[in-house]
Amino acid sequence: MSVDAPETQAAPQAPKDRPAGIGLIGWLRWGWRQLTSMRTALVLLFLVALGTVPGSFLPQRGSAPENVTTFFSNHKTLAPWLDKLSLFDVFSAPWFAAIYILLFVSLAGCVLPRTKHHYTQLRSRPPKAPRNLGRLPESSSHETDIAPETVLAEARKILKERRFRVDTYDDAIAAEKGYLRETGNLIFHLALLVLLFAVGSGAAFGYKGNVLVVEGDGFSNTLTSYDAFKGGRSFNSGTLPPFTVWLDSFKADYLLSGPNRGQPTSFAAKIRYQKGLKSPVKPYDLKVNHPLNVDGARVYLLGHGYAPQFTVRDGKGQVAFQGAVPFLPTNEATYASEGVIKVPDARPDQLGFIGLFWPTAVPNQQGKVVSAFPKALNPQVALFAFKGDLGLSNGAPQSVYRLDTKNLRPILMGNKVKPLAVGKTLPLPGGAGSVTFDGLKQYITISVNHDPGRVPALAAGIVAIMGIVTSFLVRRRRVWVRAKADEGGRTVVEVGGLTLGGATPDFDAIVERLKKAAPEEPPKTDEE
């Protein structure tokens with residue numbers, strides 16, 4: 001008996017048309033949809049707000065470069081790491097610019113298509129009435145003896161009086177209003193786009209500079225006059241307006257008694273400015289939050305300090321230095337300050353001094369001199385003297401507020417240093433010369449800011465607020481009225497409404513007016 005060999009089953013074959021991936025174009029479309037979604041825009045807006053936080057508590061090079069230098073001196077380990085993250089220049093950091101640009105693109109990709117769609121809706125006819133108006137959230141039905149055409153004509157009149165956009169479809173009236181809700185929302189987002197663009201253009205084409213001005217001196221609006229200057233990426237130094245500012249005097253008032261003694265009450269700088277060589281010189285009282293507007297730039301009063309005046313004579317008896325030297329405050333409450341005097345013209349050795357200044361000098365309980373009040377009631381200064389090579393001839397840049405003692409020898413240090421009052425002279429040991437404390441001036445720090453996007457940004461902010469308020473106050477509403485004759489010859493009136501955000505009294509008022517439009521039925525007689 002023969003046994004049939006089992007049939008060999010064919011191996012399953014892979015389908016010829018496997019589902020392919022979405023491809024490069026598909027991934028690009030997916031990425032674009034994710035980027036232009038409202039969720040992504042909100043996340044990016046949150047990241048922009050989060051990115052500005054370091055700029056609020058860390059000193060920024062654009063506004064306070066001297067504070068950045070002080071921060072580096074006080075935090076020698078932490079500061080370099082923060083600097084690598086651009087946290088001392090947040091608003092010019094690459095990561096902040098990337099978030100900012102992504103937010104702009106996200107909003108543009110979201111808002112512009114919505115604006116086009118909204119414009120199409122505004123030009124389109126109101127949608128036709130649904131088949132069953134009774135299923136709508138707001139509905140009503142009644143009968144009347146008025147002809148359907150008359151009912152629809154009356155409904156059209158009522159709806160137009162209430163500023164509905166009305167259209168007629170056979171036996172029904174379709175009406176809608178409330179497009180201002182979406183319009184306000186779109187205006188808000190479009191204004192936000194303009195605001196972002198204005199801020200970005202202001203940062204690109206604007207500039208910001210800081211300068212220290214001593215009483216009796218001034219500065220011109222040129223790059224070489226600024227202590228710190230920062231222009232935008234597209235800034236052109238040739239566009240700087242040629243104005244000049246002089247500081248005549250500065251006055252600061254403080255509380256003289258009470259628990260807040262020493263707290264400042266007012267700052268005022270009397271300045272003069274000139275827009276151009278042929279323009280008249282005008283006076284101006286520069287105060288905090290009252291900037292000077294000149295040639296499109298705004299001049300702000302940032303701070304102030306003291307500039308003691310010295311006369312330094314060298315070992316040969318010649319006047320090697322004479323003038324006011326700005327001292328930087330080390331204590332904002334008492335304005336105790338530090339400063340540096342560099343005398344490269346002294347002979348036979350160059351001289352350098354590190355000074356401590358006290359506006360109101362008094363001894364503390366330990367016998368050390370401190371400042372008891374920010375106003376200059378008893379100004380005194382202590383000077384630590386050095387001689388040698390100041391290192392100014394090697395071409396390396398130096399801060400005017402720091403003394404490089406690498407190649408200097410101390411000649412007056414420690415307990416030998418005694419505070420000097422105004423008019424007193426300090427002889428230097430070894431016949432190195434002398435220094436006289438001649439008097440005291442004050443200085444102010446000024447910030448000059450030109451931001452071409454400031455006014456457009458302000459206007460965009462106002463429009464954005466108006467747009468968002470409008471979108472909250474207006475509701476989108478649709479109303480349909482259908483009138484048909486029934487078998488008995490009467491007219492059945494159906495009214496349906498749909499309101500975004502909940503029902504309103506508007507629908508009930510429309511229904512009541514339609515009902516009142518029906519003529520009253522005559523009273524029935526006994527014969528009837």
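The values are calculated or read from the model by the stated rules, or taken from the named source; none is laboratory data. Because the structure is a prediction, the values reported are computed rather than measured. So basically every Cβ, Gly included, is an ideal-geometry build from the backbone, and we count neighbours across all protein chains shown. The accessibility values were calculated without ligands, DNA or RNA, using every heavy atom of the protein model including side chains. Shrake-Rupley method; radii C 1.70, N 1.55, O 1.52, S 1.80 Å.
Please express the shape of segment 177-283 as an equivalent ellipsoid: the semi-axes are the square roots of 5 times the eigenvalues of the C-alpha gyration tensor, given largest first in whole angstrom.
Result for segment 177-283: semi-axes of 39, 27, 14 Å.
List the trypsin sites (Lys or Arg not before Pro) within segment 325-385 that fall in a DSSP loop (any state other than H, G, I, E or B) and whose Cβ has at most 13 other Cβ atoms within 10 Å.
Answer by residue number: LYS368.
Hey, can you find the accessible area per residue of segment 323-416 for me, probe 1.4 Å, expressed in square angstrom?
Per-residue value: 52 Å².
Magnitude of the Cβ-charge dipole of segment 248-321, K/R +1 and D/E -1, about the Cα centre, nearest 20 debye?
It comes to approximately 180 debye.
Please check which bits of segment 314-355 a label hung off LYS406 would reach, taking the label as a point 7 Å along Cα-to-C-beta and the cut-off as backbone N under 20 Å.
340-345, 350-354
If the limit is 21 Å between Cα atoms, which of LYS342/LYS406; LYS251/LYS342; LYS208/LYS275 go over it?
LYS251/LYS342
Is segment 283-414 best put as rounded, prolate or oblate by its Cα gyration tensor, with a ≥ b ≥ c the root eigenvalues, rounded for a/c under 1.5, and otherwise prolate when a/b is larger than b/c, oblate when not?
Since a/c reaches 1.5 but b/c is at least a/b, the shape of segment 283-414 is classed as oblate.
Mind checking which lysines have their Cα closer than 21 Å to the Cα of LYS516? Skip sequence neighbours fewer than 8 apart in that chain.
Reachable lysines: LYS157, LYS160, LYS484, LYS524.
Lysines within cross-link reach of LYS282: Cα-Cα under 16 Å, excluding same-chain residues under 8 positions apart?
Cα-Cα hits under 16 Å: LYS270.
With N set to the number of residues, divide the alpha-carbon radius of gyration of the chain by 2.2 N^0.38 Å and report two decimals.
Taking the Cα Rg and dividing by 2.2 N^0.38 Å, one obtains 1.66.
Can you find, among PHE219, ILE25, GLY439, the residue sitting farthest towards the positive end of the charge dipole of the chain, where Lys and Arg contribute +1 and Asp and Glu -1 at Cβ?
Farthest towards the positive pole: GLY439.
Using the Cβ atoms and a cut-off under 14 Å, what net charge is assigned to the surroundings of GLN322, where Lys and Arg are +1 and Asp and Glu are -1?
Overall, the nearby charge balance is 0.
So with the 1.4 Å probe, I'd like the accessible area per residue for segment 134-182, rounded to whole Å².
That works out to 55 Å² per residue.
Quantify, in whole percent, the carbon and sulfur part of the accessible surface of the chain (1.4 Å probe; protein heavy atoms only).
On the chain, the fraction of accessible area on carbon and sulfur atoms equals 57 percent.
Relative to a virtual label point 7 Å from the Cα of LYS116 in the Cα→beta-carbon direction, which members of segment 174-197 show backbone nitrogen distances below 14 Å?
The answer is none, because no backbone nitrogen lies closer than 14 Å to the label point.
Between GLN318 and LEU377, what FRET efficiency comes out of the Förster formula 1/(1 + (r/R0)^6) with R0 = 41 Å and r the beta carbon distance, rounded to 0.05?
E(calc), rounded to 0.05, equals 0.75.
For a quick check: with amide H placed at 1.01 Å from N, whose amide H comes under 5 Å from PHE373's, ignoring anything fewer than 5 positions away on the same chain?
Correct list: THR360.
Taking 60 Å as R0, compute the FRET efficiency from the Cβ-Cβ separation of LYS128 and ASP83 and round it to 0.05.
Between LYS128 and ASP83 the formula returns 0.35.
Treat every Asp and Glu Cβ in the chain as -1 and every Lys and Arg Cβ as +1, leave all other atoms uncharged, and give the resulting dipole magnitude about the Cα centre to the nearest 20 debye.
Dipole magnitude for the chain comes out near 2020 debye.
Among residues other than LEU196 whose Cβ falls under 15 Å from its Cβ, what is the net charge (Lys/Arg +1, Asp/Glu -1)?
With Lys, Arg at +1 and Asp, Glu at -1, the neighbours total 0.
Between ALA204 and LEU255, how many nm apart are label points set 7 Å from Cα along the C-beta direction?
Simple spin-label model gives 4.8 nm for this pair.
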